[in-house]
Amino acid sequence: MTYLQAIILAVIEGITEFLPISSTGHMVIASWIMGIEKNEMVKLFNVCIQLGAIMAVVVLYYKRFLQSLPFYYKLFVGFIPAAIGGLLLKKHIDVWLERPDVVGYSLLIGGIILLFIDRIFMANEFRNNEEKDNISYVKAFIIGCFQVVAMIPGVSRSGATIVGGLSQKLNRKSAAEFSFFLAVPTMCAATAKSLLDEKDFLITHLHESFMLLLVGNVVAFIVALIAIKFFINILTKYGFMVFGIYRIIVGILILIAFYKGAQMNII
């Protein structure tokens, strides 16, 4: 992987991590176009640069992270389903990650669902935005369960958890922000596990891997700062339909390429 490829992937990660359009799906397309071969460094890079994007949430919402301990307790409760699901479904997830068609169908089906989400949860928009401050432990756990569904490549972690928030009667803005917060422990845990799993590779290729990860995380952080604000504005004003249409288009493109025999690596 070259530094230019690393920067491009980091830009894509920063843009797509918090939008309900699946960062995995876009990594598939970008890596295919750039001809990036799957290896230990690439797999490690694409997990670890999520940390840079997550740090953008901490910076933008730092006041929320300086609140009382119950805020962290609720995030931990919301994180539990993903932690358990990740352990129980690891073998299945590894298989799914080798199948671009799974990504394509997930994007397509998820896009169709998003076309109707605004209408289904229209009543939620009349609720107070401050309800996000009163999310119960039960609601946090239920929203966290939606992260398990997002372990299927192409589903989108942010998309699944936002829908989970809407199902618990949060409005779009509140659901999106809680999804951002819940991403912090989830992605930090995923990054820590990847670093631990690849510790031997990191030690052997210390300089190269450190510089690539540093560049990737810095770029993902900067881009995510912009993407989060953009997403909240679009979501508040226009809802999910535009993202649903976009997902459908990307999903169809992936499926067409896959069934035409394109070698598309999930990374």
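Of Trp96, Ile135, Leu195, which is farthest along the charge dipole of the chain in the positive direction, counting Lys and Arg as +1 and Asp and Glu as -1 at C-beta?
After comparing all options, I get Ile135.
Calculate the dipole size of the range 128-267 relative to its Cα centre from +1 charges on Lys and Arg beta carbons and -1 charges on Asp and Glu beta carbons; express the result in debye to the nearest 20.
520 debye
Hey, can you list the DSSP H helices of the chain whose Cα span along the axis is 24 Å or longer and whose average Kyte-Doolittle score is at least 0.0? Spell out each step's value before the answer.
Numbers: long enough: 69-88 (29 Å, 1.48); 100-120 (30 Å, 1.55); 172-197 (36 Å, 0.56); 206-238 (45 Å, 1.69); 241-259 (27 Å, 2.34).
Span-like helices here: 69-88, 100-120, 172-197, 206-238, 241-259.
Rounded to a whole number, what % of the accessible area of the range 143-217 do carbon and sulfur atoms account for, probe 1.4 Å? List each step's numbers first, then the result.
Working: 2020 of 2780 Å².
Carbon and sulfur together cover 73 percent of it.
With +1 on each Lys and Arg Cβ and -1 on each Asp and Glu Cβ, and nothing else charged, work out how big the dipole of the chain is about its Cα centre, in Debye to the nearest 20. All intermediate terms of the calculation are to be shown ahead of the outcome.
Details: 22 positive and 17 negative charges, 146 e Å.
For the chain, the charge dipole is close to 700 debye.
Going down the table (Lys169/Lys229; Lys169/Lys237; Lys38/Lys139; Lys74/Lys229; Lys90/Lys139), which pairs top 29 Å between alpha carbons? Let's see the in-between values first.
Details: Lys169/Lys229 22 Å; Lys169/Lys237 18 Å; Lys38/Lys139 38 Å; Lys74/Lys229 24 Å; Lys90/Lys139 25 Å.
Beyond 29 Å: Lys38/Lys139.
Would you please report the Å³ per residue occupied by the convex hull of the alpha carbon atoms in the range 63-217?
On the way: hull volume 21.5 nm³, N = 155.
Dividing the Cα hull volume of the range 63-217 by its residues yields 139 Å³.
Would you kindly calculate the mean projected area, averaged across all directions, of the convex hull enclosing the Cα atoms of the range 141-193, in square nanometres? List each step's numbers first, then the result.
Working: hull surface 13.8 nm².
That works out to 3.4 nm².
Mind checking which of Ile36, Val59, Leu115 is farthest towards the positive end of the range 25-136's charge dipole, using Cβ charges of +1 (Lys, Arg) and -1 (Asp, Glu) about the Cα centre?
Result: Val59.
Using amide H atoms built 1.01 Å from N in the peptide plane, name the residues 5+ places from Phe240, or on other chains, whose amide H lies under 5 Å from its own.
Residues meeting the criterion, in which the H sits 1.01 Å from N, are Asp118.
Based on C-alpha coordinates, I'd like the Rg and Dmax of the range 11-72, in Å.
14.9, 47
Quick check: Cα centre of the range 34-83 to Cα centre of the range 160-225, how many Å?
The distance from the Cα centre of the range 34-83 to that of the range 160-225 comes to 3 Å.
Could you check which residue among Ile222, Ile234, Ile143 shows the biggest mean-square fluctuation in a GNM of the chain with a 10 Å Cα cutoff?
Ile234
If you roll a 1.4 Å probe over the heavy atoms of the protein chains, what accessible area per residue do you get for the chain, in Å²? Before the final figure, lay out each step's value.
Values: 12870 Å² over 267 residues.
Averaged over the residues of the chain, the accessible area is 48 Å².
Which of [x] 1.02; [y] 1.18; [z] 0.97 is the computed Cα Rg over 2.2 N^0.38 Å for the structure on display?
Working out Cα Rg over 2.2 N^0.38 Å from the coordinates points to [z].
At a 1.4 Å probe radius, carbon and sulfur cover how many percent of the accessible area of the range 9-135?
Numbers: 4270 of 6380 Å².
The C+S portion of the solvent-accessible surface of the range 9-135 is 67 percent.
Could you tell me which GluC sites (Glu not before Pro) in the range 1-107 are loop residues by DSSP with no more than 16 other beta carbons within 10 angstrom of their beta carbon? Don't skip to the end; give the middle numbers.
Details: sites: Glu13, Glu17, Glu37, Glu40, Glu98; in loops: Glu17, Glu37, Glu98.
Passing both the DSSP loop test and the Cβ count: Glu37, Glu98.
Along each of its three principal axes, how wide is the spread of alpha-carbon positions in the range 127-267, in whole angstrom units, largest first?
Each principal axis gives a Cα extent; for the range 127-267 these are 53, 39, 27 Å.
Roughly what would the spin-label model give for Lys229 and Lys63, points 7 Å off Cα along C-beta, in nm?
Each label point is offset 7 Å from its Cα along the Cβ direction, giving 1.5 nm.
How much length would be gained if the chain were fully extended between Ala262 and Leu87, taking 0.36 nm per residue of separation minus their Cα-Cα distance, in nm to one decimal? Before the final figure, lay out each step's value.
Numbers: separation 175, 0.36 × 175 = 63.00 nm, distance 3.14 nm.
That pair, Ala262 and Leu87, stretches by 59.9 nm at full extension.
Cβ neighbours within 10 Å, averaged per peptide: list 61-72, 185-196 in order, most packed at the top.
On the way: 61-72: 11.0, 185-196: 16.7.
In descending order of packing, they fall as 185-196, 61-72.
As I understand it, the dipole of the chain uses +1 on the Cβ of Lys and Arg and -1 on the Cβ of Asp and Glu, about the Cα centre. Which of Thr2, Gly154, Ser68 lies farthest toward its positive end?
The Cα lying farthest towards the positive end belongs to Ser68.
The values are calculated or read from the model by the stated rules, or taken from the named source; none is laboratory data. These numbers were taken from a predicted model, which means no experiment stands behind them. Every residue, glycine among them, receives a Cβ derived from its backbone with ideal geometry; neighbour counts consider all protein chains shown. Heads up: the accessible areas ignore ligands, DNA and RNA and are worked out on the full protein's heavy atoms, side chains in. Shrake-Rupley method; radii C 1.70, N 1.55, O 1.52, S 1.80 Å.
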